[in-house]
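Below: the structure, in structure tokens.
Nothing in this text is a laboratory measurement; each read-out follows from the coordinates by a stated rule. These numbers were taken from a predicted model, which means no experiment stands behind them. Please note: Cβ atoms are built from the backbone with ideal geometry, for glycine as well, and neighbour counts cover all protein chains shown.
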Amino acid sequence: MPSQHRAACDIVVFGGTGDLALRKLLPALYYLHRDNHLHPATRVLALARARHELPAYRQLVQRHVSQYVAQGDFDQHSWDSFAERLDYMSLDVSQRVEFPKLAKALGKKSDRVRLFYLATFPNLFAATAHHLASVGLTDGRSRIVLEKPLGQSLTTANAINDGIGSVFDEARVFRIDHYLGKEAVQNLLALRFGNALFEPLWRNAHIDHVQISVMETVGVENRGDYYDHAGAMRDMVQNHLLQLLCLVAMEAPVHFEPEAVRNEKLKILEALRPISGMDVQDSTVRGQYSSGQRAGEKLPAYYFEKSVDHDSNTETFVALKAEIDNWRWAGVPFYLRTGKALAQRKSEIVIQFKAVPYRLFGGSNEPAHNRLVIRLQPDESISLSLMAKTPGRGMALQEVELDLNFADAFKRRRWDAYERLLLDVIEGDATLFMRRDEIEAAWRWVDPIIQGWQDCYRSPKRYAAGSWGPDAADSLLDRLGHAWLDER
Ligand code: NAP
């Protein structure tokens, strides 16, 4: 859509001095400006408690934008014109009395769309919404964007959603999961529903199991305070991994429109077989990194990280076996795995097909299972492994890969997930955002697992930082004759 046909917006970024805003949101807005996707009259107003004069704030943002956009993408001319859109205000969102000055700054322009992006903390979300309402800033042309984590449990998520819902109707609430903004994730949908090839195979008759891994090499870095109260289950599984699972498993929506897509995702979340009580020990593994090393560099144990409790029982690793009780997926294990301080950084989805029914070629030719690998990080690619004959006499088979690397296939610059998602909010398209009932269904499945861990009083299994996680995560798959697809 040409930028002048998009509505003029006031994009209000709460938490405008924070890590998320400086590293992701403002660089994404810079790109949208540079590439002419913003209406000429769109303004960006950043807010936080810290006092900054506007020139100093703009300098702060410039430093970050130039650091976080791709090399060669920062140009002074684009920056100067972007900076003219950028304003800053010191405001404490917990203080209602401070909101009239925000209302005054935004003015009463009813033709503008107001986007309130809450890049602060979830305990401030409901109060922020109420304070916005108290000064008349929440009319029908306003939208609110919420960052994860939305609560710590179903109860706390409901409290946040109730608070927001009493001010903004659901159609104006955009709950962001930036994984859904990644090109490779949307390509998963294109692959499934834009090609006739896979659909007949995309079911329990032909798929042996699915692996979804989101692995990081970094530890908790400077987020120990937040992370120690969350852990990998709440930080990653409840949102990112379950959303990826939904996209792999959902039926084709009737239309590619918000409600149709979200209805299908919800059906998958509701079909997840509950894991509770004794099943928790059988179907899940939780781990915490101890000291270790990578390439000769010593890595600290989790409990020595900054702002982490020395007796912490918080998990930095989760592996689990999920099952979907529906016609298409009955009997197919979905293995989910995520963790910090691991040997390799990668996010990928592996679809492992069943073995051929009969070994035709004899000898040492044991055909490997066909595998479709959708890689989201570090590079975005899709590969399909097939068996092929090696050159020469005889019928010796070898596994070969058909590779689609998006960077090679499409020479265009790759959009960051936040660019895509911010533009969707500007256009009011909620297809890639989570609806309240999805959040609730995800918590309803996750809560009993966390409860099961608490009830058994067992500490998380230790794994050396820089390793592949606890051995128990390998045993989880080994029991059914499966193994994680890693290049160890
Ligand atoms: P952060 O670096 O600690 O930044 C928090 C921001 O909120 C700062 O600008 C802070 O500025 C502002 N703030 C805090 N209390 C405030 C108040 N009472 N009134 C107004 N502003 C207030 O945190 P972050 O990493 O950016 O994360 C922000 C949110 O995004 C969190 O919910 C986090 O879980 C989520 N998130 C972050 C990332 C990421 O990559 N960082 C990724 C996904 C989700 P002042 O202290 O000056 O007020």
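Which number do you get for Rg(Cα) / (2.2 N^0.38 Å) in segment 3-147?
Cα Rg divided by the expected 2.2 N^0.38 Å: 1.01.
Between residue 414 and residue 263, what is the spin-label point distance in nm, taking each point 7 Å from the Cα along the Cα→C-beta axis?
That separation, rounded to one decimal, is 3.4 nm.
For the chain, take the longest principal axis of its alpha carbons; what is the angle in degrees between that and the long axis of helix 417-427, to the nearest 10 within 0 to 90?
The angle comes out at about 50 degrees.
For helix 54-68, report the angle its Cα long axis makes with the longest principal axis of the Cα atoms of the chain; keep it between 0 and 90° and round to the nearest 10°.
Helix 54-68 and the main axis of the chain meet at about 20 degrees.
Positive end of the charge dipole of the chain (Lys, Arg +1 and Asp, Glu -1 on Cβ, about the Cα centre): tell me which of 222, 445, 54 has its Cα farthest that way.
Result: 54, furthest along the dipole toward the positive end.
Students often check this: by mean Cβ neighbours within 10 Å, which of 469-475, 385-391, 23-29 ranks highest, and how do the rest follow?
On the way: 469-475: 18.7, 385-391: 13.3, 23-29: 22.7.
Going by the mean number of other Cβ atoms within 10 Å, highest first, we get 23-29, 469-475, 385-391.
What are the equivalent ellipsoid semi-axes of segment 359-469, built from the alpha-carbon gyration tensor (square roots of five times its eigenvalues), in whole angstrom, biggest first?
Output for segment 359-469: semi-axes of 39, 29, 15 Å.
Where the centroid of each part is defined by its Cα atoms, how far is segment 162-240 from segment 39-66 in Å?
Value for the Cα centre distance between the two parts: 30 Å.
Beta carbons within 10 angstrom, averaged per residue: use that to sort the peptides 227-239, 156-168, 96-108, highest first. List each step's numbers first, then the result.
On the way: 227-239: 22.7, 156-168: 18.0, 96-108: 14.2.
Listed from highest to lowest mean packing, they are 227-239, 156-168, 96-108.
About the Cα centre, and with charges only on the beta carbon of Lys, Arg (+1) and Asp, Glu (-1), how big is the dipole of segment 338-401? Nearest 20 debye, please. Show your work: numbers first, answer last.
Values: 9 positive and 6 negative charges, 27 e Å.
So the dipole magnitude of segment 338-401 works out to roughly 120 debye.
What is the percent of Cα-Cα separations in segment 272-404 that go past 26 Å?
Numbers: 4387 of 8778 pairs.
Across segment 272-404, Cα pairs with separations above 26 Å total 50 percent.
Give, rounded to the nearest 20 debye, the magnitude of the charge dipole that segment 232-375 has about its Cα centre when Lys and Arg contribute +1 at Cβ and Asp and Glu contribute -1 at Cβ.
540
Find the eigenvalues of the gyration tensor of the Cα atoms of the chain, then list the square roots of 5 times those eigenvalues as equivalent ellipsoid semi-axes, largest first, in whole angstrom.
Numbers: eigenvalues 325, 139, 105 Å².
So the three semi-axes of the chain are 40, 26, 23 Å.
Considering only C-alpha atoms, what is the centroid distance from segment 290-338 to segment 386-442, in Å?
Measuring centre to centre over Cα atoms gives 24 Å.
How big is the dipole moment of segment 3-147 about its Cα centre under a simple scheme where the beta carbon of each Lys and Arg is +1, that of each Asp and Glu is -1, and everything else is neutral? Debye, nearest 20, please.
That gives a dipole near 380 debye.
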